[in-house]
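Notes follow once the structure below has been shown.
The values are calculated or read from the model by the stated rules, or taken from the named source; none is laboratory data. Given the structure is predicted, the values throughout are model-derived calculations rather than measurements. So basically every Cβ, Gly included, is an ideal-geometry build from the backbone, and we count neighbours across all protein chains shown.
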Amino acid sequence: MKAFSHAVSMGYGPAAKLVIKRRKSVSRNPDPYTVKERDTLLAWLKANTDAHVYGYFLTAFYTGMRTGELLAIAWPDVEGETLEVNKARVQGQITTTKTDEARTVRIPAIARVIAALPSRFKGAELFVNQYGRAYQSGYHLNRRFRDAHEATEVRHREGPYPWRHTYASIGLTSGAAHGWLAKQLGHSLPVFYGVYADWINTEDAHLSQFQLLTQLLQQSPSSLSSLSSGGGERLAVPLLDERQIGTDCTSERPRQQAKTCAQMFQGGEHGESIG
C-alpha cells in the first residue's frame, strides 16, 4: 500500500490522474421542533422512562445545552435556578466546553424537577443510568429519544442536538433578547446570527444590517476608520462591547429593536463618529 501511494505521488500508474476530493461536511439548517412537538415528546418520556432520562431531555429542551455539557453537569454546578456550565464529557472524558468558556444558564421553569432527581443524594452527575453511574455518551439516551418519536409519530430531526435549535427558535419568536439567548447557548453574537439568521430576518429584514455592524464592531479601530458611507461621510459607530450589545441593543421586540439599533449606530447618546 505504501509503495502504491508513493508511486501515485511520483506521478506513476493509472491512478496518478485521479483527484480525490475530501467530502465536505454538510451544514444542516436548523430544524427545530414546535412547542407542541416538544411537549408531546417530553410527556411520553415522563410517562415511559425513568426520572433521569426525562430530566436529561427536559433540561436539554429548556436550556439548549450541548450533549457533552448535559452529560458532564454535576450537582455542585446547580445553584438554585441556575446551572454553571463549565465542562463537557467527550468520548467519556471530562474536558472544557466547546468554546473553552463557562457560562451560567437559568432554569427557573424546571428547577423543581431537577432538584427532585434521585441522583442528588450522591452529589455527582445529575443524569445517571439505571446502575447509578454517569452516562459516558448520549447513545442510550438517544435511543429512548427515538422511542419517543416512534411512539408519538413526531418527525425525528437530524443532527446532534435538535433541542438546541428548538430552544433558540422559541426564544426568538417569543421576543427574547438576542444577546441574552446567545449567552445562554454559549455562542458569540456573530455565530448566533449566522446560525439563526433565517428566524431573525423573517422577523425583520433590517436585523441583517445589525448583524453586519456587530461584526464590524469586533474589528480593530484602524479598519473601522477607513469605512465611510456612500455620501463620503464617516460612519458613526457606537463604542460598545458585546455585553452592552446584549443588554442595550437586544432588549426590545424585533421591530423596535431594529429602530433602536439604527439610532444607536448613527451616533447619538452612545456613539461617536470614527475617523
Matching residues in the stretch 135-160 - criterion: being in a helix (DSSP H, G or I), exposed (fewer than 14 other Cβ atoms within 10 Å of the Cβ) and of a type in the set (Lys, Arg): 143, 146
Just checking, which of 171, 159, 123 is in contact with a Lys or Arg (Cβ under 7 Å, 6 or more places away or on another chain) and closer than 27 Å to residue 99 by Cα? 159
Residue list for the stretch 118-128, restricted to those being assigned to a loop (DSSP other than H, G, I, E, B) and more than 26 Å from the chain's Cα centre (by Cα): 122, 123
Can you tell me which residues in the stretch 63-77 are assigned to a helix (DSSP H, G or I) and over 15 Å from residue 115 (Cα atoms)? 63, 67, 68, 69, 70, 71, 72
Take the conditions of a type in the set (Lys, Arg), farther than 30 Å from residue 94 by Cα and at pLDDT 90 or above and apply them to residue 36. Does it pass? yes
Give me a count of the residues in the stretch 99-144 that are under 18 Å from residue 64 (Cβ atoms), among the charged types (D, E, K, R) and at pLDDT below 90. 1
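Rundown of residues vs (1) surrounded by 13 or more Cβ atoms within 10 Å (Cβ to Cβ); (2) touching an Asp or Glu at 6+ places or on another chain (Cβ under 8 Å); (3) outside any loop (DSSP other than H, G, I, E, B); (4) not hydroxyl-bearing (Ser, Thr, Tyr), yes/no style:
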residue: 83; (1), (2), (3), (4): yes, yes, yes, yes
residue: 94; (1), (2), (3), (4): yes, no, yes, yes
residue: 100; (1), (2), (3), (4): no, no, no, yes
residue: 108; (1), (2), (3), (4): no, yes, no, yes
residue: 112; (1), (2), (3), (4): no, no, yes, yes
So, in the stretch 114-134, exactly how many residues are among the β-branched types (Val, Ile, Thr) and either out of contact with any Gly (no Cβ under 7 Å at 6 or more places or on another chain) or surrounded by fewer than 16 Cβ atoms within 10 Å (Cβ to Cβ) (or both)? 1
Report the residue count in the stretch 38-71 for those that are touching a strand residue (DSSP E or B) at 6+ places or on another chain (Cβ under 6 Å) and farther than 21 Å from residue 185 by Cα. 1
Whether any residue in the stretch 40-55 is modelled with pLDDT of 95 or more, more than 16 Å from the chain's Cα centre (by Cα), in a loop (DSSP other than H, G, I, E, B) and under 26 Å from residue 146 (Cα atoms) is what I want to check. yes
